[in-house]
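Engineer: Structure in structure tokens, see below.
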Amino acid sequence: MTSTDPADLTALRPRLPSPLQEAVDDRFERRGVRLLLKRDDLIHPDLVGNKWRKLAPNLATARGRTVVTFGGAYSNHLRATAAAGRLLGLPTVGVVRGQELAGRPLNPSLARCVADGMRLHFTDRSTYRRKAEPGTLAALLRAAGAEDAVVVPEGGSNAAAVRGCRALGEELAGHADVVALACGTGGTLAGLTAGLPRGRRTLGIPVLKGGFLTDEVRRLQQRAFGGPRGTWSLDDRFHCGGYARTTPELDSFAADFERRHGLPVERVYVAKMLYALLALTEEGAFPRGTTLAAVVTGRPFP
């Protein structure tokens, strides 16, 4: 715990703007493409990458109240929220998808949440899918003993978070023609795109199957800004089977990228985005002279 005013997030000393590093890589260079790495993984040791950008605006309004949020058993978002609660002295509750997990030993991700002071509430998958419905949400909050809590959605993506991610695009203004990132719930893409200047675009690489993100990004921009902002697109070909799924090819690529550039490559999000950028470059998707900025939104856990 800390005596820090929970509204004063600057006391946590985030590293902003995050570093922008060039990755000299012959596979891109021979296609005339320059690759930059936007190291959002270096913003804060506990609130890594886009988790800081999305959580900070929400936590700044909590003012001592309990924060309730949602995620699966390996959720980066749950871990980040728990860490933020510890650092700011805020009570946190994580509603975890999967009632069957309640009686089992905690995996390392959930164990970290508990170590950081988060109280876990497990719920069945059917109820979890309906968590955004007012009646279901109210029942979940009652069951978790947190009826007066500040509610942060799964992945942290709401209007406040989207507006918080706009700064990421502003930091990249003038540095890249195309900004790429891996997408889960779409909030970072929605905000980043709004911060880029005219003539620049964002490329999102979804890590989940389903093709639902186009409508979700539009909805988030509507709520955050009152309408669409910027130019963006999605390429759904690189999810490798779905969330947290991988393939031997992806693992081999990530290990090779680590050796080439000394960057620990997080597999759930970052590896798929970097793999997609190389594949698209080799397909000729980017004209010669293009500068790509790849947003490194996290690092491996544990």
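Engineer: First select every other residue whose beta carbon is under 10 angstrom from the beta carbon of R260; then total the charges, Lys and Arg +1, Asp and Glu -1.
Structural biologist: Result for the neighbourhood of R260: -2.
Engineer: Rounded to the nearest Å, what's the spacing between the alpha carbon centres of segment 110-141 and segment 270-300? Just the number, please.
Structural biologist: If you average the Cα positions of each part, the centres end up 35 Å apart.
Engineer: Can you say what percent of the DSSP beta bridges in the chain, counting only those with both residues inside, are antiparallel? Round to 5.
Structural biologist: Taking every DSSP beta bridge within the chain, about 10 percent pair in antiparallel fashion.
Engineer: For A160, what charge total do you get from the other residues with a beta carbon under 10 Å from its beta carbon, if Lys and Arg give +1 and Asp and Glu give -1? Don't skip to the answer; put the middle values down first.
Structural biologist: On the way: positive: K54, R163, R223; negative: none.
Surrounding charge for A160 is +3.
Engineer: Between 0 and 90 degrees, rounded to the nearest ten: what's the tilt of helix 159-172 against the longest Cα principal axis of the chain?
Structural biologist: 30
Engineer: Find out how many positive minus negative residues lie around D40, taking Lys and Arg as positive, Asp and Glu as negative, among other residues whose Cβ is under 12 Å from that of D40.
Structural biologist: Spelling it out: positives minus negatives among the neighbours equals +4.
Engineer: Something else now. Under a Cβ-only charge scheme (Lys and Arg +1, Asp and Glu -1), can you give me the dipole magnitude of segment 44-135 about the Cα centre, in debye to the nearest 20?
Structural biologist: Dipole of segment 44-135, to the nearest 20 debye: 180 debye.
Engineer: Let me ask another. With unit charges on the beta carbon (Lys/Arg positive, Asp/Glu negative), name the residue among A161, Y128, L88 whose Cα is farthest towards the positive pole of the charge dipole of segment 88-172.
Structural biologist: Y128
Engineer: I'd like the orientation of helix 76-88 relative to the chain: the angle between its Cα long axis and the longest Cα principal axis, in ° from 0 to 90, rounded to 10.
Structural biologist: Approximately 60 degrees, to the nearest ten.
Engineer: Please give the helix 270-282 orientation as an angle from the longest Cα principal axis of the chain, in degrees from 0 to 90, rounded to the nearest 10.
Structural biologist: Taking the Cα atoms of the chain, the angle to 270-282 is about 20 degrees.
Engineer: Mind checking which of V178, T246, P197 is farthest towards the positive end of segment 174-250's charge dipole, using Cβ charges of +1 (Lys, Arg) and -1 (Asp, Glu) about the Cα centre?
Structural biologist: P197
Any read-out appearing in this document is the output of simple, stated calculations on the displayed coordinates, not a laboratory observation. This structure is a prediction, so every number in the text was calculated from the model and none was measured. All Cβ positions, glycine included, derive from the backbone under ideal geometry; neighbour counts span all protein chains shown.
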